[in-house]
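The values are calculated or read from the model by the stated rules, or taken from the named source; none is laboratory data. The structure displayed is predicted, hence computed values, not measured ones. Please note: Cβ atoms are built from the backbone with ideal geometry, for glycine as well, and neighbour counts cover all protein chains shown. Surface accessibility is based on the protein's heavy atoms, side chains included, excluding ligands, DNA and RNA. Shrake-Rupley method; radii C 1.70, N 1.55, O 1.52, S 1.80 Å.
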Amino acid sequence: ERSKPGLKAVFEMFDGGTGSMDVKKLGGCLHKLGVKYDRPLFELATKAFDEDQSGLIEFDEFVEMFATLRASDELALGDFGAPSAELTAQELSDVKASFDAIDADGSGAIDEGEVKTLFEKVGLDATDKEIRGLVSFLDADGSGEVELGEFNELMMCAKARRKAPDAPLDAVGALKSMFEEQRKAAKVVRV
């Protein structure tokens with residue numbers, strides 16, 4: 001994995017000495033670092049990590065963004081390398097019940113506020129930025145929320161990763177472990 005000084009050196013090749021870069025340069029910089037991403041994910045990440053809404057990404061924002069894109073590249077749901085298992089009719093029904101319980105406002109989608117509430121209930125301390133990163137990672141269609149189909153993808157990965165094949169699917173546990181994996185990936189570049 002890359003260290004912060006290594007990232008800084010690559011960042012400085014693209015920022016023209018300004019300490020920040022626009023989206024066009026940012027794409028080139030990430031490409032140079034070998035990060036694979038698609039356009040919608042890139043645009044979402046750029047918006048999510050441009051904390052000061054300047055339209056430019058400063059180095060600290062870049063470090064966070066690199067970690068998240070790198071994690072989603074490695075963990076990509078449904079991509080080769082991320083194990084996935086079909087859900088049975090009963091499991092789909094259980095997943096829908098879990099989804100509905102998390103979707104407190106009944107909108108048919110889970111938003112950042114609902115993830116935050118869930119994490120607070122289970123005693124998981126997460127920043128707004130971390131929650132935003134998790135939601136945008138799971139949000140395949142770029143709507144800003146996690147719909148049932150996207151939630152099912154997460155649960156298919158969770159099913160494939162279970163230690164015991166007959167263990168019940170745990171939606172909260174799946175969200176928690178996905179979050180912890182993303183947090184771990186983010187820490188790697190903070191070294």
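What to note about this one:
- Leading residue by the ranking (modelled with the lowest pLDDT) among those in region 78-93 that are of a type outside the set (Gly, Ala, Ser) and crowded, with 17+ Cβ neighbours inside 10 Å: Leu87
- Only one entry in Ala140, Ala126, Ala160, Ala167 is at pLDDT below 80, within 30 Å of Lys8 (Cα to Cα) and of a type in the set (Gly, Ala, Ser), namely Ala140.
- Per-region count, region 141-158, residues more than 23 Å from Lys47 (Cβ to Cβ) and open to solvent by less than 40 Å² (accessible area, probe 1.4 Å): 5
- Unique match (being closer than 22 Å to Glu112 by Cα and at pLDDT 75 or above) among Phe59, Phe66, Phe11, Phe42: Phe66
- Odd one out for Leu134 among (1) modelled with pLDDT of 80 or more; (2) more than 18 Å from Ala67 (Cβ to Cβ); (3) surrounded by 17 or more Cβ atoms within 10 Å (Cβ to Cβ): (2)
- Restricting region 45-54 to residues that are modelled with pLDDT of 75 or more and assigned to a helix (DSSP H, G or I), the residue that is surrounded by the fewest Cβ atoms within 10 Å (Cβ to Cβ): Lys47
- Residues in region 112-125 that are surrounded by fewer than 19 Cβ atoms within 10 Å (Cβ to Cβ) and not hydroxyl-bearing (Ser, Thr, Tyr): Glu112, Gly113, Lys116, Glu120, Lys121, Val122, Gly123, Leu124, Asp125.
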